[in-house]
Amino acid sequence: MNKSDLEQDLEFLVALRRDLHAHPELGFEEKRTSAIVARHLEEAGLKVHRGLGGTGVVGTLTVGNGPHSIGLRADMDALAMPETAERPYKSTVPGKMHACGHDGHTTLLLGAARLLAKRRSFNGTVHFIFQPAEEGRGGAKRMVEDGLFELFPCDAVYGLHNMPGLAIDEMAVVEGPQLASSDSWKVRLTGVGTHGAKPHLGRDPITAAGQFISSLQSIVGRVVDPLQPAVVSACSVQAGDPKALNVIPDFIDIAGTARAYTPEVRDQLEEEIGRLAHGVANMFGIKASYEFIRRIPPVVNDADTTTRALRAAQTVCGEKVRTSFPPSTAGDDFAYFAGEVPGCYVWLGNGPAVDGALHHNTGYDFNDNAIPTGVNFWTTLVEQELAA
Ligand SMILES: [Zn+2]
Ligand SMILES: [Zn+2]
């Protein structure tokens with residue numbers, strides 16, 4: 001029996017994925033990973049641009065003289081956390097692990113580049129975008145600032161993320177919001193420190209902070225449209241000293257995250273958190289300072305681009321493509337790419353969660369059985385969008 005191109009490459013791809021898994025690198029430190037990516041792209045005959053956005057790599061493959069070009073994105077970074085599960089290709093670097101499956105994403109896109117370079121079964125240009133630092137370190141933004149789309153113009157850009165809980169031959173391709181905006185906020189309430197036994201001689205910022213924190217959830221409950229998802233969480237509170245339990249401190253710092261799926265709700269969260277901080281400070285006769293740090297916009301799938309991705313997914317997975325799937329309150333800086341050109345972000349099934357381990361769990365592992373579906377999706381998308 002004749003083996004397909006992909007079947008022939010599968011052993012190589014599984015070994016590559018496991019090698020990447022064993023050697024995780026954090027955002028902007030992906031020196032080994034990006035060198036491996038660049039070498040394999042060059043060996044496949046692609047034109048390779050290294051060092052875009054720090055450790056980013058772009059491989060370009062042009063076949064024929066078709067005027068269209070598309071960008072496909074894979075992220076390469078790992079997370080600063082230990083791997084606890086035992087496996088032959090367990091992380092060799094203490095405190096770092098591929099717990100989000102980006103080792104799989106890198107492998108899928110390399111596999112697609114190798115196959116398409118061999119088949120040359122399309123007419124146009126594909127830019128294979130290997131981005132650094134997706135996990136909150138701003139890799140996509142850096143690539144855009146470094147001129148990604150001026151150097152490599154794309155009519156559309158596509159991103160893919162693995163999703164445990166969907167079968168390995170299943171995908172979800174959904175129009176509209178996929179991932180939330182991911183922003184940070186910081187509040188400092190400054191009063192007048194005093195003796196813990198003599199609160200009337202100072203202005204207590206701690207009691208004010210209690211009021212602020214408990215009022216915070218009224219933004220989502222009472223201000224934002226109930227049909228619009230939003231999250232506001234206080235995740236850090238710092239004040240005083242547990243060794244000085246008779247001292248009311250001068251100030252307290254409260255900080256957290258805010259998530260939304262539309263620019264309007266995002267603006268609303270920014271404004272309302274600040275309004276509450278200043279309002280509570282006023283009420284207690286103290287001062288507030290407020291900072292809202294915009295990190296990642298929401299990922300919202302463009303309608304036309306989604307139709308194209310859906311066609312490719314249905315060609316590969318048949319009826320096992322979900323066209324409705326709940327958006328995630330996590331973020332992905334793919335949003336910066338999709339903010340420049342029409343974009344679509346799809347989910348690739350990764351099988352059942354093994355031992356309950358989901359993304360960012362110390363036991364998580366990309367499922368190699370999903371490699372054929374993922375590579376097929378990328379190659380089919382290119383062959384359909386840039387039809388020969
Ligand atoms: Zn992640
Ligand atoms: Zn991820």
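I'd like the carbon and sulfur percentage of the solvent accessible area for the chain, probe radius 1.4 Å, heavy atoms only, ligands and nucleic acids excluded. Don't skip to the end; give the middle numbers.
Values: 8690 of 16790 Å².
Accessible surface attributable to carbon and sulfur in the chain totals 52 percent.
Would you mind computing the Rg to Rh ratio of the stretch 26-95 from its alpha-carbon coordinates, Kirkwood style for Rh? Spell out each step's value before the answer.
Numbers: Rg = 15.7 Å, Rh = 14.4 Å.
Answer for the stretch 26-95: 1.09.
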Query - Rg in Å to one decimal, and Dmax rounded to a whole Å, for the chain via C-alpha atoms - result: 23.8, 88
Query raised in the report: When the Kirkwood radius is taken over all Cα pairs of the stretch 240-368, what Stokes-Einstein diffusion coefficient follows at 20 °C and 1.002 mPa s, in µm²/s?
Result: 112
Query raised in the report: Which of the pairs Lys31/Lys141; Lys243/Lys287; Lys47/Lys118; Lys3/Lys31 have their Cα atoms more than 23 Å apart in this structure?
Result: Lys243/Lys287; Lys3/Lys31
Query raised in the report: Full extension from Glu7 to Leu358: what is 0.36 nm times the residue separation minus their Cα-Cα distance, to one decimal in nm?
Result: 123.6 nm
**Report entry** the stretch 113-221: Rg to Rh, with Rh as the Kirkwood radius over Cα pairs
**Finding:** 1.24
Requested in this report: Kindly report, to the nearest 10 Å², the accessible surface of Ser4 as traced by a 1.4 Å probe over protein heavy atoms only.
Outcome: 50
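What FRET efficiency comes out for Asn65 versus Ser121 if R0 is 22 angstrom and r is the Cβ-Cβ distance? Round to the nearest 0.05.
The calculated FRET efficiency here is 0.90.
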Query raised in the report: Looking at the stretch 218-294, what % of the alpha carbon pairs are farther apart than 19 Å?
Result: 45
Query raised in the report: Can you list the residues, at least 5 places off or on another chain, whose amide H is less than 5 Å from the amide H of Leu160, using H built in the peptide plane?
Result: Arg73, Val346
Query raised in the report: Full extension from Arg32 to Thr92: what is 0.36 nm times the residue separation minus their Cα-Cα distance, to one decimal in nm?
Result: 20.3 nm
Query - Formal net charge of residues neighbouring Ile254 (Cβ-Cβ distance under 9 Å; K, R +1; D, E -1) - result: +1
Report summary line: Rounded to whole Å², per residue accessible area for the chain with a 1.4 Å probe reads 43
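For His200 and Glu264, what does the FRET efficiency come to when R0 = 41 Å and r is the distance between their Cβ atoms, rounded to the nearest 0.05? If you can, show how the numbers build up before the last one.
Details: r = 44 Å, r/R0 = 1.07.
Between His200 and Glu264 the formula returns 0.40.
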Requested in this report: List the relative contact order of the chain as a percent without decimals, with contacts defined as Cα pairs under 8 Å and 6+ residues apart.
Outcome: 24
Query raised in the report: In sequence order, what are the phi-derived ³J(HN,Hα) couplings for the stretch 242-248 according to the Karplus relation 6.51 cos²θ - 1.76 cosθ + 1.60 with θ = phi - 60°, rounded to whole Hz, with x for glycine and proline?
Result: x, 8, 10, 8, 10, 10, 8
Query - Exposure of Ile213 as accessible area (Å², to 10), given a probe of 1.4 Å and all protein chains - result: 60
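The values are calculated or read from the model by the stated rules, or taken from the named source; none is laboratory data. These figures come from a predicted structure and were not determined experimentally. In this analysis, Cβ positions are derived from the backbone assuming ideal geometry, glycine residues included, and neighbour counts consider all displayed protein chains. In case anyone asks, the SASA skips ligands and DNA or RNA and just uses the protein heavy atoms, side chains included. Shrake-Rupley method; radii C 1.70, N 1.55, O 1.52, S 1.80 Å.
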